[in-house]
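Student: Before anything else, here's the structure in question.
The values are calculated or read from the model by the stated rules, or taken from the named source; none is laboratory data. Predicted model, so just to flag it, every value in this text is computed and none were measured. Virtual Cβ from ideal backbone geometry, glycine too; neighbours counted across all protein chains shown. Note: accessible area is taken over every heavy atom of the protein model, side chains too, but ligands, DNA and RNA are not part of it. Shrake-Rupley method; radii C 1.70, N 1.55, O 1.52, S 1.80 Å.
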Amino acid sequence: MQPSGPIDTDIVLLGAGHAHVEVLRRFAMKPWPGVRLTLIGREPQTPYTGMLPGLIRGDYTHDQVHIDLAPLTTMAGARLILAEATGFDPEARTVSIAGRPDIPFDLLSIDIGGVPAMPEESGIGVKPIGRFLQQLERLETELPAGARVAVVGGGAGGAELALALVQRFAGHLRLTLVSATPDPVPTAPAAARRSVRQALVEAGVELVFGVTASALRDGRLLLSDGSYIEADTALWTTGVVGPPILAASGVACDETGCIRVGPTLASVSHGFIFAAGDCAAIDGAPRPKAGVWAVRAGAPLAENLRRAARRERLRPWRPQRDALAILGLGNGRAVAWRNGVTLQGHLIWRLKDFIDRRWMRMYVDMRMPVDADDPMRCGGCGAKVSAEVLSATLAAIPHDRGPDLLDHLDDASVVKPPAGKLLVQSVDHFRAFLDDPYVFGQIAAAHALSDIHAMGAAPWTALAIASVPYAPSQKMRADLTAMLQGGSAVLRGDGCALVGGHSAEAAEAALGFSVTGLVSSDAVLRKSGLRPGDRLILTKPLGTGVILAGHMRGLTKAPWLMAAIASMRTTNAEAARIIRNFSPHAATDVSGFGLAGHLKEMLDASDVAAVLSSDAIPALPGARALVARGVESTLAEANQRWLGRTVPADLLVDPQTSGGLLVGVPPNRAAGCLQALRDAGIDAAEIGEVDAARDDQPLIRMF
């Protein structure tokens, strides 16, 4: 999580390329005092380009060639923000992301790769790789048997891709390789070029060499000699140019739109901005846009970021002029060359496989140390911030002043309740369990609203209770603003006005809301009221507690974390609205005491029992896998002790952050209620039914 002690320097890593994953690895091994790292990545997993052809052929699984950013950033104590940047401002020193506050930085490092140098609407670019893999899967299902796919670009990337696709398509689709040069891989030695050409011919790839492709129009790939070839689609490996946001920022770029950097990898125009990988161009030492150079840039980039944070002199990097190149030929063979020497065969493939797997192990086999005498506590279940910070924060938050809000700029807010309505009040507060303050704010607000929805009320007003670690005022302001903007957006979405609050300095970030709702006296839902025969409906899958606990230990995969975040920042407003149409007898929200704990409260209040179906209880992706590994939240054991051993020690006692609603619905209305919830996109499930209480039976029985 975030570094201990005051934060002196914010380093933002924009993009999750090979160089940046090495920066994170080195930071994990030896943190830099006073430095906070933030990784902004478009996708939760970043692929290793060296193993991409093997993935396409089927030699590797998806997980074997992707680095999961959630465990890696956890090990590094870095913040992970999964979003696509829309730009960055060197003058303001901020990174822009659509729909949320800008991310401030002191130092910025950019490793976002390039975009294909290809004509518009002429097929598919191989980069960015994550998107290419998704498009490739669609391509296989959409193209009919016998369709022709043209691979444009005869360099190492294009030749290896064509060979991999032949093996993947297995005769279902035809492959054509188009190259401007008379031989594939023109920069390789003659012996290597011959080996690659022979492999292409033996694999049945049609070769169209000595011409360039200009566009794909109406099923025809137009060529520079005036001819064309029939092609259903084209895959472009002809090189990359810099993404548009680079030149748009005003940072010095070369003719391809890539950031110009010096030997230290710092921008030649803005010394506090660094770049590496395909989006960078080293003045005086150009290198091919290949993964090997991005990998090798990682160590000097990490060193110079550390030096820049400490205001020390940067060290120049002098990349070697040549590197070992290994190209997979398929069928367990590869060809390698360096300094004019060429080798090929099965042993070369085994060497490449060994090198690639060894590189991946550096990033996927890291583990968070756990002190048995001082176990890590889970998140989820001072002095005032200065007036300067608070006033700037409040100015950035939208204020929705409705007719019932009489005054909100005094020592306290004055509101006038509508006639005939009851007030429903609740408060929730917890310390940060995610390092993205905006998303944490969203989840904190959704969690606080749940009690109001469970009571059948409409959210009305909220007060915020926020704390942030001490730091320079602009850093505190940025974090506090992000938290409150995230929370305010969720509150407004449910019709709830943020009318005030309190903020303070603390050892770690925390946020909570005191929420007031409105409800008619005849519409209040309570925990009591369950009747034998009622069907129990749960509106969200379980597992947020174990997923967050696994995340703190570096065991939660990024897709699992993303699914949990999506669930947690979704409020129960729509579920509550639908449920009210089906005459529920009782309801509660599932939070810190887990499903079994909150169900027990309902059963005790109603003097009934319950029978649950183990198979029907929904779980978030990865939750059961983490339970099987022995991961549990720190509150789970206490929940188990309170319930006794009649309830299994699994997801039933897992404390939920912003969990779903648990509702008792009459049996004749349960099916309609469940269908209406699912039609609205809510992942609801009927998990059991209410039974009469018996002295000789447990309160909660499983089958």
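Student: With respect to ALA248, determine if the residue is over 34 Å from the mean Cα position of the chain (by Cα) and either at pLDDT 95 or above or within 30 Å of LEU329 (Cβ to Cβ) (or both).
Tutor: Working: over 34 Å from the mean Cα position of the chain (by Cα): no; either at pLDDT 95 or above or within 30 Å of LEU329 (Cβ to Cβ) (or both): yes.
So ALA248 does not fit the description; no.
Student: Of all residues in the stretch 247-290, which are of a type in the set (Val, Ile, Thr), open to solvent by less than 10 Å² (accessible area, probe 1.4 Å) and outside any loop (DSSP other than H, G, I, E, B)?
Tutor: ILE259, VAL261, ILE273, listed by residue number.
Student: To continue, here is another question. Within the stretch 4-37, how many residues turn out to be in a loop (DSSP other than H, G, I, E, B) and under 11 Å from GLY298 (Cα atoms)?
Tutor: 1
Student: Looking at ASP8, ASP89, ASP102, can you tell me which residue is more than 29 Å from ALA248 (Cβ to Cβ) and in contact with a strand residue (DSSP E or B) (Cβ under 9 Å, 6 or more places away or on another chain)?
Tutor: ASP8
Student: Does LEU221 satisfy being modelled with pLDDT of 95 or more, open to solvent by 10 Å² or more (accessible area, probe 1.4 Å) and in a strand (DSSP E or B)?
Tutor: It is false that LEU221 is modelled with pLDDT of 95 or more, open to solvent by 10 Å² or more (accessible area, probe 1.4 Å) and in a strand (DSSP E or B).
Student: Still on this structure, I have one more. Consider ASP111 against the criteria (1) acidic (Asp, Glu); (2) open to solvent by less than 30 Å² (accessible area, probe 1.4 Å); (3) farther than 26 Å from THR264 by Cα: it satisfies all of them except one. Which criterion is unmet?
Tutor: Going through the list (1) acidic (Asp, Glu); (2) open to solvent by less than 30 Å² (accessible area, probe 1.4 Å); (3) farther than 26 Å from THR264 by Cα, ASP111 breaks only (3).
Student: Which residue is farthest from ASP654 (Cα to Cα), if the candidates are limited to the stretch 499-537 and must be part of a strand (DSSP E or B) and in contact with an Asp or Glu (Cβ under 8 Å, 6 or more places away or on another chain)?
Tutor: Kept after step one, since they are part of a strand (DSSP E or B), are these residues of the stretch 499-537: 499-506, 510-519, 535-537.
Checking the rest, the ones that are also in contact with an Asp or Glu (Cβ under 8 Å, 6 or more places away or on another chain) come to 512-513, 515, 535-537.
Working: GLY512: 21, PHE513: 23, VAL515: 25, ARG535: 22, LEU536: 18, ILE537: 18 Å.
Once the filter is applied, the top-ranked residue is VAL515.
Student: Report, by residue number, each residue of the stretch 308-323 that is closer than 21 Å to ASP356 by Cα and loosely packed, with under 13 Cβ neighbours inside 10 Å.
Tutor: If the condition is that a residue be closer than 21 Å to ASP356 by Cα and loosely packed, with under 13 Cβ neighbours inside 10 Å, then GLN320, ASP322 are the ones that fit.
For every residue, the table says whether it meets (1) open to solvent by less than 50 Å² (accessible area, probe 1.4 Å); (2) modelled with pLDDT of 95 or more.
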{"site": "ALA412", "(1), (2)": "no, no"}
{"site": "PHE433", "(1), (2)": "yes, no"}
{"site": "GLN442", "(1), (2)": "yes, yes"}
{"site": "ALA445", "(1), (2)": "yes, yes"}
{"site": "HIS453", "(1), (2)": "yes, yes"}
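Student: Do the conditions hold for ALA464, that is, is it open to solvent by less than 30 Å² (accessible area, probe 1.4 Å) and modelled with pLDDT of 95 or more? Spell out how you get there, then give the answer.
Tutor: Values: open to solvent by less than 30 Å² (accessible area, probe 1.4 Å): yes; modelled with pLDDT of 95 or more: no.
No.
Student: Note down all Cβ pairs under 6 Å where the first residue falls in the stretch 649-669 and is closer than 14 Å to PRO541 by Cβ and among the hydroxyl-bearing types (Ser, Thr, Tyr), the second is part of a loop (DSSP other than H, G, I, E, B) and open to solvent by less than 10 Å² (accessible area, probe 1.4 Å), and they're at least six residues apart or on different chains.
Tutor: Close Cβ pairs (under 6 Å, with a partner that is part of a loop (DSSP other than H, G, I, E, B) and open to solvent by less than 10 Å² (accessible area, probe 1.4 Å)) amount to THR657/GLY380.
Student: While we're on this one: Test of understanding: among GLY380, GLY340, GLY420, GLY402, which residue is at pLDDT 75 or above and either touching a Ser or Thr at 6+ places or on another chain (Cβ under 8 Å) or open to solvent by less than 50 Å² (accessible area, probe 1.4 Å) (or both)?
Tutor: The conditions single out GLY420.
Student: Separate question: Please specify each residue of the stretch 483-502 satisfying the condition of being touching a strand residue (DSSP E or B) at 6+ places or on another chain (Cβ under 8 Å), crowded, with 20+ Cβ neighbours inside 10 Å and modelled with pLDDT of 90 or more.
Tutor: MET483, LEU484, GLY487, SER488, LEU491, ASP494, CYS496, ALA497, LEU498
Student: Could you check the stretch 572-587 and list, in sequence order, the residues that are β-branched (Val, Ile, Thr) and surrounded by fewer than 24 Cβ atoms within 10 Å (Cβ to Cβ)?
Tutor: ILE578
Student: Also, quick follow-up: Does PHE132 qualify as being over 25 Å from PHE27 (Cβ atoms), aromatic (Phe, Trp, Tyr) and either open to solvent by 30 Å² or more (accessible area, probe 1.4 Å) or not in a loop (DSSP other than H, G, I, E, B) (or both)?
Tutor: yes
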